[in-house]
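Engineer: Structure provided below as structure tokens; questions to follow.
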Amino acid sequence: ECSLLRFIHDAKMALQHIEDDIEQDVTAVELSKAIVNNEMTLAFQPKLTVQGLILSGVEALARWHHPTKGMISPGVFIPLAERHGLIDALTRHLLEQAFKHKRTWQQYGLRFNLAFNLSPLSLADIDIVDWLCAMAAQYDVPANEITFEITENALLGELASAIRTLARLRLKGFHIAIDDYGTGFANAQQLSRVPATELKIDRSLVHRAAARPQQQTIFASTVELAKKLNLSTVAEGVETREDFQVVVDLGVDLVQGFYFSKPLFPDDLLTWIKTGLSQLRREHEGK
Ligand code: C2E
Ligand code: MG
Ligand code: MG
Ligand code: MG
């Protein structure tokens, strides 16, 4: 019965994504224009502590408002940018926006972490570390309030050079998260070499654990591995109260997902912090 509900729920989510993906036929030329024409923005999705549902940080997620084709998904335009040599320009453009928002929040007295996704190609860019430090200084954002997210599979290609860049970022005080963990093929040995601070467990593992108690052992051993490596754990894609209960029982530190909040544009994020967050806490009080 539980799996059936999950199936219906997944089908609804998939449909929503298909609707989002209609008219996603875009070109590299349009993408390069989009950067210049300011069609790129960021949405921010909250990450909360399991203990007390405190706002730990937000993850910046790229959004492209195409003038005629509507919203284009980053699942489409990030690979496009990577294939056409546009990822550097896009990353730099988005990161500057992200740091500007972070500075504004700081000016409002709001201190929380900002997570930013980095393409594996950026890790091969030798100037990236100096540039990121310069940007942090320019926008007055402390390195230890910034996390760079790298997907597990991104680490597999050029592991040695990726590790070198990540180690330099870590030395500067930035946090490093391994994203979508459980979808790739990194083994514990490779994982232990990455100077990461956080492990983000992919939503497919979260959903499997919620659907089948047997699958919880995989999740539990992932959490155990993370603790041994001194990494804090994040469960991604928490969509329901049931998902949340399962990941709480499995001992993760942080949660992120539609159950708490979708990615929000800056104004909506501020509203959510003022009202939505306290409502969530009330709903979960004493639980
Ligand atoms: P990601 O970094 O793993 O980000 C999480 C994705 O899961 C986001 O999709 C988010 O909207 C979605 N999500 C969050 N909560 C839930 C949930 O409860 N259920 C479900 N089904 N999905 C949820 P989005 O925004 O479409 O981004 C997709 C991917 O594109 C990101 O995955 C990231 O790898 C990449 N991406 C996004 N922005 C950037 C960027 O600025 N730079 C780079 N290099 N990659 C980016
Ligand atoms: Mg991410
Ligand atoms: Mg992820
Ligand atoms: Mg992902």
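Engineer: Of a type in the set (Lys, Arg), surrounded by 17 or more Cβ atoms within 10 Å (Cβ to Cβ), at pLDDT 95 or above and not in a loop (DSSP other than H, G, I, E, B) - does that describe any residue in region 47-57?
Structural biologist: Just the residues of region 47-57 that are of a type in the set (Lys, Arg), to begin with: 47.
Those still in the list that are surrounded by 17 or more Cβ atoms within 10 Å (Cβ to Cβ) too: 47.
Imposing the further condition that a residue be at pLDDT 95 or above reduces the set to 47.
Narrowing further to those that are not in a loop (DSSP other than H, G, I, E, B): 47.
Checking region 47-57: at least one residue is of a type in the set (Lys, Arg), surrounded by 17 or more Cβ atoms within 10 Å (Cβ to Cβ), at pLDDT 95 or above and not in a loop (DSSP other than H, G, I, E, B).
Engineer: Please identify the pairs in which a residue from region 100-116 that is closer than 16 Å to ILE54 by Cβ has its Cβ atom under 7 Å from the Cβ atom of a residue that is hydroxyl-bearing (Ser, Thr, Tyr) and in a strand (DSSP E or B), counting only partners at least 6 apart or on another chain.
Structural biologist: Close Cβ pairs (under 7 Å, with a partner that is hydroxyl-bearing (Ser, Thr, Tyr) and in a strand (DSSP E or B)) amount to PHE112/SER56; ASN113/SER56; ASN113/THR147; ALA115/THR147.
Engineer: Of the conditions (1) part of a helix (DSSP H, G or I); (2) within 13 Å of PHE148 (Cβ to Cβ), LYS102 clears all except one; give me its number.
Structural biologist: (2)
Engineer: Are any residues in region 163-183 touching a residue at least 24 places away in the same chain (Cβ under 8 Å) and more than 16 Å from ligand 2 (Cβ to nearest atom), and if so, which ones? Walk me through it before giving the result.
Structural biologist: Filtering region 163-183 down to residues touching a residue at least 24 places away in the same chain (Cβ under 8 Å) leaves 163, 165-170, 172-183.
ILE163, THR165, ALA167, ARG168, ARG170, LYS172, GLY173 - these are the residues of region 163-183 that are touching a residue at least 24 places away in the same chain (Cβ under 8 Å) and more than 16 Å from ligand 2 (Cβ to nearest atom).
Engineer: Mind listing just one residue for me: the one in region 52-92 that is of a type in the set (Gly, Ala, Ser) and either within 15 Å of ligand 2 (Cβ to nearest atom) or touching a Leu at 6+ places or on another chain (Cβ under 8 Å) (or both) and, of those, farthest from LYS200 (Cα to Cα)? Give the steps one after another, and end with the answer.
Structural biologist: Within region 52-92, the subset of a type in the set (Gly, Ala, Ser) is 52, 56-57, 60, 62, 70, 73, 75, 81, 85, 89.
In the following step, the residues that additionally are either within 15 Å of ligand 2 (Cβ to nearest atom) or touching a Leu at 6+ places or on another chain (Cβ under 8 Å) (or both) were identified as 56-57, 60, 62, 73, 75, 81.
Values: SER56: 14, GLY57: 13, ALA60: 15, ALA62: 18, SER73: 21, GLY75: 18, ALA81: 24 Å.
Ranking the qualifying residues of region 52-92, first place goes to ALA81.
Engineer: Kindly provide the set of residues from region 200-221 that are within 22 Å of GLU59 (Cα to Cα) and either among the small types (Gly, Ala, Ser) or out of contact with any Asp or Glu (no Cβ under 9 Å at 6 or more places or on another chain) (or both), ordered by number.
Structural biologist: Filtering region 200-221 for residues within 22 Å of GLU59 (Cα to Cα) gives 200-207.
Across region 200-221, the qualifying residue is only SER204.
Engineer: Within the bounds of region 187-207, is there any residue that is away from ligand 2 (no atom under 16 Å from the Cβ), surrounded by 16 or more Cβ atoms within 10 Å (Cβ to Cβ) and hydroxyl-bearing (Ser, Thr, Tyr)?
Structural biologist: no
The values are calculated or read from the model by the stated rules, or taken from the named source; none is laboratory data. In this text the structure is predicted, and so the values were computed from the model without any measurement. Using ideal geometry, Cβ is built from the backbone for each residue, glycine included, and neighbour counts are taken over all protein chains shown.
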